[in-house]
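Working notes, beginning with the structure itself.
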Amino acid sequence: MAILTTAFDASMEEPSKRFLVMAGFVSDAETWKEFDSAWRARLADDGIPYFHMNPFAMRQLHFRGWSEDRRRELLGDLLGIISSNVYYKFGIVVEAEAMHDLRSIFKDRNIAMLEVAGSMMTIEVEQWRIRNNYRNPAEHVFEDGDFGKGRLCNAVKAATGKTPSFRSKKDIPEQDIIGFTPLQASDILAYEIKKAVTHASFANGKVPRDYAFRFPYQELNRILGQPHMWNQNSSSDMAELDRYFKAGVKVL
């Protein structure tokens, strides 16, 4: 029986913090092992210890001095590995302005964008799991050391009944930590969604028809699943969050 595991990455829009993006993928544990082998082998071909989209885009660290052809070849191969090993993609953009309405409901708590994102994402995964007849709840994995870990942990547990896992994106040999490479794949999706939201003018949470998505997002869009906005029009979601957050979960 397939054991579903998700890998989610969160990224705040800087410097104004207008929105937060959370994105990632679901697959089964055995397929993630195959993904890990293929991912590490491809990075090793270029002598790269791990992949992170921001230094790649900025041509920094181990990507310094790379030609455009080399960059495009690596990214294309990594996107292919993702597409071949995941079942579905998930993504949510939580707008800061929408939080004012939510905080008016939860007068006793300062609800954070990260909590909304984590709750809605994991609820969506569980709904997808049930629709597709997977019996057991998924294991939800987030990056260890990310901001708001305690809040995220409690929000996900309130929404799903399960405590999420937190793992490193990359290997840390001096601490005997082996990275969970699917988080590196989720980093690419989160980066591309954030890029699109930053540069496109959104109306009612939808991308304009004439918006030209970047090559990486076009490739990722071949994977089933449609990222969505959580904004002031998401009133129906607020009622759902109200039900979960009033479960008495203590926020760290």
State whether segment 1-154 is rounded, prolate or oblate according to the following rule on the C-alpha gyration tensor (a ≥ b ≥ c being the square roots of its eigenvalues): a/c under 1.5 gives rounded; otherwise a/b larger than b/c gives prolate, and the remaining case gives oblate.
-> oblate
Under the Karplus curve 6.51 cos²θ - 1.76 cosθ + 1.60, θ = phi - 60°, whole-Hz ³J(HN,Hα) for segment 69-74, x wherever Gly or Pro sits = 5, 5, 4, 5, 5, 4
Burial ranking of peptide ranges 92-98, 157-163 (average Cβ count within 10 Å, highest at the top) | 92-98, 157-163
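Once you charge only the Cβ atoms, +1 for Lys and Arg and -1 for Asp and Glu, what is the size of the charge dipole of segment 1-153 about its Cα centre, to the nearest 20 debye? Display every interim value, and only then the final one.
On the way: 19 positive and 24 negative charges, 36 e Å.
The dipole of segment 1-153 has a size of about 180 debye.
In the structure shown, do any of Lys149/Lys195; Lys33/Lys195; Lys17/Lys162; Lys33/Lys194 have a Cα-Cα gap over 26 Å, and if so which? Please list the in-between numbers first.
Details: Lys149/Lys195 24 Å; Lys33/Lys195 29 Å; Lys17/Lys162 29 Å; Lys33/Lys194 28 Å.
Pairs exceeding the cut-off: Lys33/Lys195; Lys17/Lys162; Lys33/Lys194.
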Treat each spin label as a single point 7 Å out from the Cα along the C-beta direction, and report the Ser84 to Ser16 distance in nm.
-> 4.2 nm
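Rule-based calculations on the coordinates, nothing more; no lab input. The model shown is predicted, which means the values in this text are computed figures rather than measured ones. So basically every Cβ, Gly included, is an ideal-geometry build from the backbone, and we count neighbours across all protein chains shown.
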